[in-house]
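Peer 1: Please read through the structure below; I'll follow up with questions.
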Amino acid sequence: MEDNQVNDQVIKQLLYSKKYKELVDKATELGLVKQYSKMKYDGIIYSIGQIVQLSVDGNRDKKTYGKLVGFCNLQVDEYLIPMIKVQKYINKLELPQKLKELQDGLSEFELFQSEIEEWLFCTQIDHEIKLISIREYEEMTIQNERTYFTRADYNVEKDKFSPPISKWGRICICNQISNPDKSYVQCDKCQKWLHYECAGVQGQLAQDQNFYCLMCRKK
């Protein structure tokens, strides 16, 4: 079998087995890849550094997130396949099961940058998202579904957060990790924030009248 036929079979096998990193590496070796700094997909121009929401294996109900770090066209037979390289962001559902006790303190809109880089099809891009700090997110008066926040990176291989969990902001008398998804009431005297359930008040009551926490009421 000629070398070209062997290489063609290898390329197609890697494509069908979804080994995209090996696919791009092999295609690059054979001169079948052209790199770009930008890519236009679905009428939108994407650039390196943008953070995007992605579908997983064509399933629009399953989401993942990543920073765009590369673009290329890969030639297979007479077709050009546009691909993107992303640095993966981890959401709370993708963290190891042993960190399950953290889940209540983590937001649905919280992302952790990882060290993982992977190649994907450009068709997996849903849309760009905005990523801000947790402080900026907490100060937003209206949240929207395309704004996310981050307070730490997560190294998957080392199973380590940076900064570590011990350095994350805590809130309320329960000293739980601050989660902007939850409802809080602020004491009108000491200005501390408490969960509604920890403060022992109903949501509407907390909004309609002054609130003083237990410690302030004792003074």
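Peer 1: So, with +1 on the Cβ of K and R and -1 on the Cβ of D and E, and no other charges, what is the size of the charge dipole of the range 20-125 about its Cα centre, to the nearest 20 debye? The partial results should precede the final answer.
Peer 2: Details: 14 positive and 16 negative charges, 46 e Å.
The calculation lands at about 220 debye.
Peer 1: For every helix of n ≥ 4 consecutive DSSP H residues, a contribution of -39,500 (n - 2.57) applies; sum these over the chain, divide by its total residues, and give [θ] at 222 nm rounded to the nearest 500 deg cm²/dmol.
Peer 2: On the way: 6 runs with 44 residues, N = 219.
Rounded to the nearest 500, it is -5000 deg cm²/dmol.
Peer 1: Can you figure out the FRET efficiency of Arg146 with Glu29, using R₀ = 30 Å and their beta-carbon distance, to the nearest 0.05?
Peer 2: On the way: r = 38 Å, r/R0 = 1.27.
With a Förster radius of 30 Å, E is 0.20.
Peer 1: Sticking with this structure for a sec: What's the longest uninterrupted piece of the chain once you rule out the chymotrypsin sites (Phe, Trp or Tyr not before Pro) that are loop residues per DSSP with at most 16 other Cβ within 10 Å? Let's see the in-between values first.
Peer 2: Working: sites that count: Trp168, Tyr212.
Result, exposed sites excluded: 1-167.
Peer 1: Using 1/(1 + (r/R0)^6) with R0 = 41 angstrom and r between the beta carbons of Asp42 and Asp153, what's the FRET efficiency to the nearest 0.05? All intermediate terms of the calculation are to be shown ahead of the outcome.
Peer 2: Values: r = 30 Å, r/R0 = 0.73.
About 0.85, to the nearest 0.05.
Peer 1: Starting from the amide H of Cys213, placed 1.01 Å from N in the peptide plane, find each other amide H under 5 Å away whose residue is 5 or more places distant or on another chain.
Peer 2: Close amide H contacts, sequence-distant or interchain: Asp188, Lys189, Cys190.
Peer 1: Further question on the same structure: In debye, nearest 20: dipole of the chain around its Cα centre with unit charges on the Cβ of K, R (+) and D, E (-)? Could you put the intermediate results ahead of the total?
Peer 2: On the way: 31 positive and 32 negative charges, 231 e Å.
Dipole of the chain, to the nearest 20 debye: 1100 debye.
Peer 1: Describe numerically, in nm with one decimal, the distance between label points set 7 Å from Cα along Cα→Cβ at Gln75 and at Arg135.
Peer 2: 5.1 nm
Peer 1: Taking K and R as +1 and D and E as -1, what net charge do the other residues with C-beta under 10 Å from the C-beta of Val52 add up to? Intermediate values should be presented prior to the final figure.
Peer 2: Values: positive: Lys67; negative: Asp126, Glu128.
Residues close to Val52 contribute a combined charge of -1.
Peer 1: Please list 3J(HN,Hα) in residue order for the range 38-53, calculated via the Karplus relation 6.51 cos²θ - 1.76 cosθ + 1.60 where θ = phi - 60°; whole Hz, with x for glycine and proline.
Peer 2: Calculated HN-Hα couplings, in order: 9, 8, 9, 9, 6, x, 10, 8, 10, 10, 4, x, 5, 10, 10, 8 Hz.
Peer 1: By how many degrees, between 0 and 90 and to the nearest 10, does the Cα long axis of helix 20-29 differ from the longest principal axis of the chain?
Peer 2: Approximately 40 degrees, to the nearest 10.
Peer 1: Before I look further, what does the range 48-121 give for accessible area per residue, probe 1.4 Å, in whole square angstrom? Write out the running numbers ahead of the final one.
Peer 2: Values: 3490 Å² over 74 residues.
Counting only protein heavy atoms, the per-residue value for the range 48-121 is 47 Å².
Peer 1: Here's a follow-up. Using +1 at the C-beta of Lys and Arg and -1 at the C-beta of Asp and Glu, which of Ser166, Thr150, Gly66 has the Cα lying farthest in the positive direction of the dipole of the chain?
Peer 2: The Cα lying farthest towards the positive end belongs to Ser166.
Peer 1: Then there is this: Given the chain reduced to its alpha-carbon atoms as identical point scatterers, what log10 I(q)/I(0) does the Debye formula return at q = 0.07, 0.13 Å⁻¹?
Peer 2: Results for the chain at q = 0.07, 0.13 Å⁻¹ read -0.34, -0.85.
Peer 1: Using only the C-alpha atoms of the range 99-164, find the volume of their convex hull and express it per residue in Å³. Intermediate results must be reported in sequence, preceding the final value.
Peer 2: Working: hull volume 7.6 nm³, N = 66.
It comes to 115 Å³ per residue, whole-number rounded.
Peer 1: For the pair Lys160 and Lys192, what calculated FRET efficiency results from E = 1/(1 + (r/R0)^6), where r is the Cβ-Cβ distance and R0 = 35 Å, to the nearest 0.05?
Peer 2: Numbers: r = 31 Å, r/R0 = 0.88.
Working from the Cβ atoms, E equals 0.70.
Peer 1: Could you give the angle, 0 to 90 degrees to the nearest 10, between helix 3-16's Cα long axis and the longest principal axis of the Cα atoms of the chain?
Peer 2: Around 20 degrees separate the two axes.
The values are calculated or read from the model by the stated rules, or taken from the named source; none is laboratory data. Worth saying up front: this structure is predicted, and the values here are computed from it rather than measured. Reconstructed Cβ throughout: ideal geometry from the backbone, glycine too, with neighbour counts over all protein chains shown. The protein model used for the area step is the full one, side chains on, heavy atoms only, and it has no ligands, DNA or RNA in it. Shrake-Rupley method; radii C 1.70, N 1.55, O 1.52, S 1.80 Å.
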